[in-house]
1. With 189, 155, 169 as the choices, which residue is at positive phi and touching a residue at least 24 places away in the same chain (Cβ under 8 Å)?
2. Which one of these is basic (Lys, Arg), part of a helix (DSSP H, G or I) and either over 25 Å from the mean Cα position of the chain (by Cα) or within 18 Å of residue 322 (Cα to Cα) (or both): 253, 213, 263?
3. For residue 201, are the conditions met, namely being among the hydrophobic types (A, V, I, L, M, F, W, C), assigned to a helix (DSSP H, G or I) and buried (at least 18 other Cβ atoms within 10 Å of the Cβ)?
4. Mind listing whichever residues of region 42-58 are within 25 Å of residue 177 (Cβ to Cβ) and either surrounded by fewer than 18 Cβ atoms within 10 Å (Cβ to Cβ) or in contact with a Gly (Cβ under 8 Å, 6 or more places away or on another chain) (or both)?
5. Looking at region 31-58, I want the residues that are within 23 Å of residue 172 (Cβ to Cβ) and have a partner that is charged (D, E, K, R) and part of a helix (DSSP H, G or I) with Cβ atoms under 7 Å, at least 6 apart or on another chain. Which pairs are those?
6. Looking at 338, 315, can you tell me which residue is among the basic types (Lys, Arg), touching a Lys or Arg at 6+ places or on another chain (Cβ under 9 Å), surrounded by fewer than 20 Cβ atoms within 10 Å (Cβ to Cβ) and assigned to a helix (DSSP H, G or I)?
7. Tell me, which helices (runs of 4 or more DSSP H) lie completely within region 1-67 with 2 or more residues that are modelled with pLDDT of 95 or more, among the hydrophobic types (A, V, I, L, M, F, W, C) and farther than 25 Å from residue 87 by Cα?
8. Which condition from (1) over 18 Å from residue 243 (Cβ atoms); (2) touching a Pro at 6+ places or on another chain (Cβ under 9 Å); (3) modelled with pLDDT of 95 or more is the one that residue 335 breaks?
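The values are calculated or read from the model by the stated rules, or taken from the named source; none is laboratory data. Here the structure is a predicted model, which means the values were calculated and not measured. Reconstructed Cβ throughout: ideal geometry from the backbone, glycine too, with neighbour counts over all protein chains shown.
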Amino acid sequence: MSGSLGNGAGPGRAGEWADRTRGMLAGFPVEAAGRAAALIVACYERGGKVLACGNGGSAMEAQHLVAELVGKFERDRAPLPALALHQNPAALTAVANDYGYDEAFAHQVDALGEPGDVLVAISTSGGSENAIRAVLAAKEKGLSTVGYLGGKERGGRLGELVDVPVVLGAHDTATVQVGHLVLTHTICGLVEEALFPNKAVFLDRDGTLIVNRHYGSDPDGIELLYGVVEGLLELRAAGYKLILVSNQSGVARGYFDEGAVARMHDRLQRMLDRHGAALDGLEYCPHHPEGDTSPYAVECACRKPAPGMLRRAARKHGVDLSASWMVGDIEADVEAGRRAGAHTILVGPETAQPPPDHKAEDFAAAVRHILGVPGDVPGSTERAASFRS
């Protein structure tokens, strides 16, 4: 009969794999998974990268791990460098053809690995020869090693070689592979929590923090807008990092140089610091494709509405972008925040399409929204505070 399971298969048989998975997960190696994640966190803190290898389904799990690290798992954040060694078919087949398939991964580890990197070798049996040789090459070059393994023992030969063997307690390949999927998610979750624990408010400069003057570059002309100092203090007390992200195309247009930007930001920081409200980071983009000053007259990935400055700051300050906010006074600010994965607030009279997550009359109202405080504070983005230097 078309569509029937036949041959005695039915709900009981169909549930067998789920039963096996439940049994395996009951003994999931939590402590070993934590040690593997800690090894990878330490690697990234040193500026290293993750290499991963495996065959068949294990190759796909290596690729899955890499995708979650380079892209994201649960948090919008800066990308993490990782590479699955089967992903370049030309390199893989060239090495296999010239040196044999057993050397397919080891040769690439020798070419790409650096001391302090981590190699993740994935094998349900722990006996894949090309993965074993990759681990030996990694140890020779000073890489740390993690094994995704299976079986009731220590994970075969690989389990004896790697620095951190993570052995899933099942004998059949299918169940071990399910465990490897859970292991990847566990590791990626722990890595994100460790490397990106902070939330931030990204802040445009002109028209958001200070009175907007046309291509302003005179430090003596800085005026803080209404509610800025009080708002920054409230945000910091709530646990937010405070990071400026500002387009400064006047550099590309030849109106002033980067030294003038630095003097503006130094004065701004000193003004804020008098009240304990200094910013945690300052990012700016000096580029513009229509500029006339080399080397700044170029298209770049940092000029808002591009999200480059936010992502760069997220990497420097360990920021979870999905828990963060972008506050600005023009559409480009909103779009940069959206593209980075942050919540967005547009202050003042301008509009944006698509619209921001919230529209606020002024900075004080934006802060109240971020902190979940009802009501607005009377004021305007055109009203400067009495904190002029």
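1. 155
2. Answer to the check: 263.
3. Here the answer is no, as residue 201 does not meet what is asked.
4. 43, 51, 56, 57
5. Correct list of pairs: 54/61.
6. None of the other options fit; the residue is 315.
7. 30-45
8. Answer for residue 335: the failing condition is (1).
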